[in-house]
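Just below is one structure, and these are the notes that go with it.
The values are calculated or read from the model by the stated rules, or taken from the named source; none is laboratory data. Computed from a predicted model, the values in this text were never measured in an experiment. Note that each Cβ is placed from the backbone with ideal geometry, even for glycine, and that neighbours are counted across all protein chains shown.
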Amino acid sequence: MTINNITVRMGNHEDSTVINNIELQTASLFPDELLPKALCDKTLSLYEIKSAIQEQRLWIAEIDQKQVGFALIRGLNQLTLLAEIDVLPKYHGQSIASTLLRVIIEQLKQRNETALYLTTFRDFIPSRKLYDKFGFVLLESDDIPDELLKILAEEVTAGLGARVAMKLTIKPKK
């Protein structure tokens, strides 16, 4: 699917070599208090990337046939989690993350999914603006599913800055 010069497609095995590079470059954008330098080189394992490709849970964004971003979802019991959405810094401001998210949401609608969850930095405004634009809502602690509570706890233990959980309610196709 191509939208405004951005092609979004399912990931394939050739993409597995560029995913970590996109992650590393994206990590450089976060302030130290949110993502300490010691954690900046933590990337998805090759196993997880290949599994996501095989299970069609990884999307690639391209401009002029160059991979410039990706998004990966995970299934957690009955939940669908947006685990990663990263765009090369050089391409920020070109609606790539929005295009990826739009395509994912559309495909989740076709699969009759009813919600998309994520965890993110509470104080990183670019991410929060993106998620707010799509209608994600901040979950209060009582509304956070156990699976997400566990992820939030793991993220804090790992040393990430203040994290929050968000949810997008997906309206079914009519």
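Pick from the range 42-72 the residues that are among the hydrophobic types (A, V, I, L, M, F, W, C) and farther than 15 Å from Arg9 by Cβ: which of them is surrounded by the most Cβ atoms within 10 Å (Cβ to Cβ)?
At the first step, the residues of the range 42-72 found to be among the hydrophobic types (A, V, I, L, M, F, W, C) are 44, 46, 49, 52-53, 58-61, 63, 68, 70-72.
Still in the list and also farther than 15 Å from Arg9 by Cβ: 44, 46, 49.
Values: Leu44: 20, Leu46: 12, Ile49: 24.
In this case the residue turns out to be Ile49.
When restricted to residues that are touching a helix residue (DSSP H, G or I) at 6+ places or on another chain (Cβ under 9 Å) and either in a loop (DSSP other than H, G, I, E, B) or closer than 14 Å to Leu82 by Cβ (or both), the range 138-153 contains 2.
Could you tell me how many of the residues in the range 90-137 are hydroxyl-bearing (Ser, Thr, Tyr), assigned to a helix (DSSP H, G or I), modelled with pLDDT of 90 or more and more than 23 Å from Asp64 (Cα to Cα)?
First pass over the range 90-137, keeping only residues hydroxyl-bearing (Ser, Thr, Tyr): 91, 95, 98-99, 114, 117, 119-120, 127, 131.
Next cut, assigned to a helix (DSSP H, G or I) only: 91, 98-99, 127, 131.
Within this subset, residues satisfying the condition of being modelled with pLDDT of 90 or more are 91, 98-99, 131.
Cutting the leftovers down to more than 23 Å from Asp64 (Cα to Cα) gives us 131.
The total comes to 1.
Before we move on, is Lys133 under 29 Å from Ser95 (Cα atoms), in contact with a Ser or Thr (Cβ under 8 Å, 6 or more places away or on another chain) and exposed (fewer than 13 other Cβ atoms within 10 Å of the Cβ)? Judged against the criteria, Lys133 is a match. Scoring Ile49 on the criteria (1) in a strand (DSSP E or B); (2) under 24 Å from Asn21 (Cα atoms) leaves a single failure, condition (1). Remark: pairs (first residue in the range 68-88, in a loop (DSSP other than H, G, I, E, B); second residue crowded, with 19+ Cβ neighbours inside 10 Å; Cβ separation under 6 Å; 6+ apart in sequence or on different chains) = Leu88/Ile22; Leu88/Val68.
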